[in-house]
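Undergrad: Dumping the structure here so I can ask a few things about it.
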Amino acid sequence: MTSTRSAVVLGGGMAGILVSSMLARHVGSVTVIDRDEFPSGPQLRKGVPQARHAHILWSGGARIVEELLPGTTDRLLAAGAHRIGIPDGQVSFTAYGWQHRFPEAQFMIACSRALLDWTVREQALRDKRIALVEKTEVVALLGDAGRVTGVRVRDGESGEERQLPADLVVDTTGRGSSLKRLLAELGVPAPEEEFVDSGMVYATRIFRAPEAAVVNFPLVSVHADHRAGRPGCNAVLMPIEDGRWIVTVSGTRGGEPPADDEGFVRFARDGVRHPLVGDLIAKARPLTSVERSRSTVNRRLHYERLPSWPEGLVVLGDAVAAFNPVYGHGMSAAAHSVLALEKQLREQPFRPGLARAAQRAIALAVDDAWVLATSHDIGYPGCRTRTTDPRLTRHAGERQRVTDLVGLTATRNRAVNQAAVALNTLSASMASMQTPEVMAALRRGPETPALTEPPLHADEVARLASGADVTA
């Protein structure tokens, strides 16, 4: 790990910035290449159209961000982000009923994606070993099928091309990654690809929160019941910075939300299983029109299964595994992938076989998030799939029975909820659900009565009542 080594990271989004901050511990210089021009503050950028929708940084990812970039959480909170305890800070209608608001077991950081990206990027770029090259695209990989030695890039304004040698190239360019084509030019075959496409469509609006509900108001979510045999429709209201609510509604194939403003509120009230989110926003003042997105397919590229893999190249983030955003796992799974790569760098720093070992470790790092997303989505009507994963094919029924048992019990049993929340926030692995303590709690079953109404606290109801009409 000498100062003479260099890395090039393709893509300056969340995954790219996190891996850059990690690599700066191991090499002398890191160059981040991105086609976009980055804003000077917490604004949206062209290359991340999905940033307009609600994004959750679960505790499993937030802790890694803080480890890589100490002080990031405090900067986010100082800028108006909310730290929401799970499940106490949620009012959640799950597929199995209302979730009891047990004491905090995990947490989320809730803010706009623009604020999150900007804060993390600013933190990382304080390290002078990291250079961000904007308005530049990658046109080729240097090297051959045995080793990638850098990239050739093109300036987006002048059209000038140049070569950037590197000891390690990391692709984090997301769903639109051109890596398959670039590898084909070196003679590397295409990887096995699987997908689970529920046809999910997202629609989002931002509202001014009632003044009395700006501080310490819960995240409110109404989730579909994947067992119902009909399209899955969801609604999430999340407090973000500057006294705003970001509200995202979604529906699988056949249950897509409308794109018009009036239809948005109607869907939030009547299109989902409970009208709570629709009722909360009916009198709130909208700050934006409806934004829709269809980039929601669960897709996984198995680079780790190729018979050979070039030294000097690693792929992570959405370029390897992209998830239906309704589960909020993308950023946290990418953060775990960064740690998986670092573990390999520590164990075999730039030795032969590093890239292949890292690709296999990254595949393991995203596996839980993959199963959590796809095992629900695959059950919705009209879901289109291409997979040979036995967990989603011949063992799907057994897995779903276990999932349903855990989900139902978690709403009314604190110990089971604690374990389920740790898994769903990517703070623990699937194996944690099989400990003797969790198994004993499952055998005990529900320990509190089923809730029949949203578990809003009395003070939350009172604050809404005191300032519910904010349309003036």
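The values are calculated or read from the model by the stated rules, or taken from the named source; none is laboratory data. As the structure is a computational prediction, the values presented were derived from the model and not from experiment. Surface areas here come from the heavy atoms of the whole protein model, side chains and all, with no ligands, DNA or RNA. Shrake-Rupley method; radii C 1.70, N 1.55, O 1.52, S 1.80 Å.
Undergrad: Run the accessible area of segment 1-146 with a 1.4 Å probe and give the carbon-and-sulfur part as a rounded percent.
TA: Roughly 48 percent, rounded to a whole number.
Undergrad: Once mean projected area of the Cα convex hull in nm² is worked out from the coordinates, which option in (i) 22.3; (ii) 24.3; (iii) 19.0 does it equal?
TA: (i)
Undergrad: Ok, one more. Using modelled amide H (1.01 Å from N, peptide plane; none on Pro or chain starts), what sits under 5 Å from the amide H of F107, excluding residues fewer than 5 places away?
TA: Close amide H contacts, sequence-distant or interchain: S59, I86.
Undergrad: Using the heavy atoms of the protein chains and a 1.4 angstrom probe, tell me the accessible area per residue for segment 136-203 in square angstrom.
TA: 43
Undergrad: State log₁₀ I(q)/I(0) for segment 78-196 at q = 0.13, 0.21 Å⁻¹ as given by the Debye formula over alpha-carbon point scatterers of equal weight, solvent excluded.
TA: So the normalised log intensities work out to -0.81, -1.22.
Undergrad: How many percent of the alpha carbon pairs in segment 263-303 exceed a separation of 13 Å?
TA: 65
Undergrad: Give the accessible surface of segment 32-114 per residue, rounded to a whole number of Å², with probe radius 1.4 Å and ligands, DNA and RNA excluded.
TA: 38
Undergrad: Still on this model: Roughly how many Å² is the accessible area per residue of segment 344-449, as a whole number, for a 1.4 Å probe?
TA: 50
Undergrad: Give me, ordered by chain and number, the residues 5 or more places off M200 or on other chains with an amide H under 5 Å from its own placed amide H.
TA: R253
Undergrad: On the protein heavy atoms, probe 1.4 angstrom, tell me the percent of accessible surface of segment 154-240 carried by carbon and sulfur.
TA: Percent of accessible area from carbon and sulfur atoms in segment 154-240: 46.
Undergrad: Using θ = phi - 60° and the Karplus form 6.51 cos²θ - 1.76 cosθ + 1.60, what ³J(HN,Hα) does each residue of segment 327-336 get, whole Hz, x for Gly and Pro?
TA: So the J values, rounded to whole Hz, are 8, x, 9, x, 5, 5, 5, 5, 4, 5.
Undergrad: Output wanted: per-residue J couplings in Hz (rounded whole) for segment 265-282, from phi through Karplus 6.51 cos²θ - 1.76 cosθ + 1.60, θ = phi - 60°, x for Gly and Pro.
TA: 5, 4, 5, 5, 8, 10, x, 10, 6, 8, x, 4, 4, x, 5, 5, 9, 4
Undergrad: Rounded to the nearest 500, what is the 222 nm mean residue ellipticity of the chain from helices alone, with -39500 (n - 2.57) per DSSP H run of 4+ residues and division by all residues?
TA: -9000 deg cm²/dmol
Undergrad: Could you give each residue of segment 151-161 its phi-based ³J(HN,Hα) in whole Hz, using Karplus coefficients 6.51, -1.76, 1.60 with θ = phi - 60°, and x for Gly or Pro?
TA: Karplus values, whole Hz, x for Gly and Pro: 9, 9, 10, 10, 5, x, 9, 8, x, 5, 10.
Undergrad: Probe radius 1.4 Å, ligands and nucleic acids ignored: give me the carbon and sulfur share of the accessible area of segment 349-407 as a rounded percent.
TA: Taking all protein chains in place, segment 349-407 shows 55 percent carbon and sulfur surface.
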